[in-house]
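Asker: My questions will all concern the structure given below.
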Amino acid sequence: MRRVAIVLAAAMAMLPVAAAAQTAPSPTQRLAQLRHRVEQLEAQDEIENLQATFGYYFDKGLWSDVADLFAAQGTFEYGQQGVYVGRAHIARALLLFGPQGLAPGHLNTHMQLQGIVTVAASGNTATARWRGMVQLAEPGANGIWGEGVYENSYVREGGRWKIAALHFFVTGMTDYDLGWMKSAIPMRGPSALFPPDRPPSITYRAFPGTYIPPFDYRHPVTGRSLADIPQPADSLTGGK
């Protein structure tokens with residue numbers, strides 16, 4: 001009886017080891033997991049470089065080069081100016097920010113910070129959120145400070161990452177000299193000169209309004225979606 005008890009105890013002790021052996025990935029599975037992880041990280045790096053390149057080209061008014069960063073049916077949306085579809089229309093819309101190459105006296109700086117890139121499991125699409133700091137100037141007018149949030153999507157097209165949709169949500173714009181407490185510059189609406197293909201996808205008001213663009217990624221700790229969070233009450237209208 002004692003021998004049976006010893007054998008049973010040994011068998012029970014081996015159960016966790018056997019279970020672990022069954023659940024542990026094989027070398028082939030582990031290699032596949034590592035390969036997928038590397039591919040995801042490489043995609044993230046390429047997207048970060050793509051978005052940074054957009055910023056440098058956009059700053060200097062290299063509109064045709066900016067448009068070439070977009071997918072064939074990519075979209076561009078800035079504030080409340082509407083949605084432009086396709087590279088040709090995007091290149092035309094960019095002229096609303098100044099002439100090709102930027103003329104003397106123009107400033108069109110859009111710095112992109114705090115990037116959070118989320119690559120889909122397939123490795124063919126991704127989303128990202130960025131914060132944009134804005135410096136604008138043109139002859140005969142005061143400079144402008146601004147801030148906003150990019151909520152973008154990306155697609156691998158022809159073996160290269162491209163911008164599928166760029167949406168810049170304007171947080172606020174203000175006169176350089178007056179500052180935020182004395183000046184709130186309203187967003188432009190759709191252009192009559194270069195009308196958009198679609199109206200703005202979301203109607204909101206910039207500062208002193210407090211609209212929060214929906215987050216494309218889940219909370220990293222709780223896993224909760226922040227795609228449809230409650231909006232603060234509008235400080236002027238009292239609405240939401």
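Throughout, read-outs are computed from the coordinates displayed, never taken from laboratory work. Keep in mind that this is a model prediction, so the values were computed, not measured. In this analysis, Cβ positions are derived from the backbone assuming ideal geometry, glycine residues included, and neighbour counts consider all displayed protein chains.
Asker: Given springs between every Cα pair under 10 Å in a Gaussian network model of the chain, which of I229, I163, I90 has the largest fluctuation?
Answerer: I229
Asker: So for each of 62-70, 92-100 I average, over its residues, the number of other beta carbons within 10 Å; can you give me the resulting order with the highest mean first?
Answerer: The most tightly packed comes first, giving 62-70, 92-100.
Asker: Further question on the same structure: Given the C-alpha atoms of region 114-240, compute the convex hull and give its volume per residue in Å³. Don't skip to the end; give the middle numbers.
Answerer: Working: hull volume 21.6 nm³, N = 127.
So the per-residue Cα hull volume is 170 Å³.
Asker: Still on this structure, I have one more. I need the peptides 125-136, 194-205 ranked by packing, meaning the mean over residues of other C-beta atoms within 10 angstrom, with the highest value on top.
Answerer: 125-136, 194-205
Asker: Kindly provide the helix-only [θ] at 222 nm of the chain, computed as the sum of -39,500 (n - 2.57) over DSSP H runs of four or more divided by all residues, to the nearest 500 deg cm²/dmol?
Answerer: -9500 deg cm²/dmol
Asker: Once each part is reduced to its C-alpha centroid, what is the distance from region 204-232 to region 77-133 in angstrom?
Answerer: What the calculation gives is 20 Å, centre to centre.
Asker: Further question on the same structure: Calculate one ³J(HN,Hα) per residue across region 162-168 by plugging θ = phi - 60° into the Karplus curve 6.51 cos²θ - 1.76 cosθ + 1.60, and present them in order as whole Hz with x for glycine and proline.
Answerer: Computed from phi, the couplings for region 162-168 are 9, 7, 8, 7, 10, 10, 9 Hz.
Asker: A further question follows. In µm²/s, what is D for the chain at 10 °C and 1.306 mPa s, where D = kT/(6 pi eta Rh) by Stokes-Einstein and Rh is the Kirkwood radius from Cα pairs?
Answerer: Working: Rh = 20.9 Å.
Rounded to a whole number, D works out at 76 µm²/s.
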